[in-house]
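Heads up: the structure comes next, in structure tokens.
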Amino acid sequence: VPATPEALEYLEEIAQEMTRLFRITIREARGRINTQFSNQQFLTPLEVNVLTHEEQDVWAGHIYYGRDSFWWLGESDLQPQPYTEDNSCETEPQ
């Protein structure tokens, strides 16, 4: 994901939050983030604002469960979005 240093730091904070909330590896969290934002960039102030207008835990839920899952209602039968190791990433979001 092309991004400013500020946006990359924020994406990494989202990844850390995902590991805390969902007990997944940092590799999986980064892979899910890279998949979520694969067609986006965060290079201008407006683009960075689009990212940072939501808190990290909100992005974590959207990325893990999907925005249309209504995960914030706390349903017990939620299923995470499909994910394969092919999407994983050893490094921070790109």
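The values are calculated or read from the model by the stated rules, or taken from the named source; none is laboratory data. Only a predicted model underlies this, so the values are computations on that prediction, with no experimental measurement involved. All Cβ positions, even for glycine, are placed from backbone atoms using ideal geometry, and neighbour counts span all protein chains on display. Accessible surface areas use protein heavy atoms only, side chains included; no ligands, DNA or RNA. Shrake-Rupley method; radii C 1.70, N 1.55, O 1.52, S 1.80 Å.
Can you tell me how many residues within segment 1-15 are in a helix (DSSP H, G or I) and in contact (Cβ under 8 Å) with a residue 24 or more places away in the chain?
Residues of segment 1-15 in a helix (DSSP H, G or I): 5-15.
Among the residues that remain, those that are also in contact (Cβ under 8 Å) with a residue 24 or more places away in the chain are: 6-8, 10-15.
Matching residues across segment 1-15 total 9.
Please count how many residues of segment 16-33 are assigned to a helix (DSSP H, G or I), open to solvent by 20 Å² or more (accessible area, probe 1.4 Å) and hydrophobic (A, V, I, L, M, F, W, C).
3
For segment 40-55, name all the residues that are assigned to a helix (DSSP H, G or I), open to solvent by 20 Å² or more (accessible area, probe 1.4 Å) and either among the hydroxyl-bearing types (Ser, Thr, Tyr) or in contact with a Leu (Cβ under 9 Å, 6 or more places away or on another chain) (or both).
At the first step, the residues of segment 40-55 found to be assigned to a helix (DSSP H, G or I) are 45-52.
With open to solvent by 20 Å² or more (accessible area, probe 1.4 Å) added as a condition, the list becomes 45-47, 49-50, 52.
Answer for segment 40-55, where residues must be assigned to a helix (DSSP H, G or I), open to solvent by 20 Å² or more (accessible area, probe 1.4 Å) and either among the hydroxyl-bearing types (Ser, Thr, Tyr) or in contact with a Leu (Cβ under 9 Å, 6 or more places away or on another chain) (or both): just 52.
Could you please tell me which pairs satisfy a Cβ distance under 8 Å, a separation of 6+ or placement on different chains, a first residue in segment 35-57 that is β-branched (Val, Ile, Thr), and a second residue that is in a loop (DSSP other than H, G, I, E, B)?
Partner pairs satisfying both residue conditions: 35/83; 48/4.
Condition test on residue 36, is it open to solvent by 40 Å² or more (accessible area, probe 1.4 Å), touching a strand residue (DSSP E or B) at 6+ places or on another chain (Cβ under 9 Å) and not β-branched (Val, Ile, Thr)?
Criteria not met by residue 36.
Looking only at segment 31-54, decide whether some residue is among the charged types (D, E, K, R) and either touching a His at 6+ places or on another chain (Cβ under 8 Å) or modelled with pLDDT under 95 (or both).
Going through segment 31-54, the residues among the charged types (D, E, K, R) turn out to be 32, 47, 54.
Next, from what is left, pick out any that are either touching a His at 6+ places or on another chain (Cβ under 8 Å) or modelled with pLDDT under 95 (or both): 54.
The answer is yes; a qualifying residue exists.
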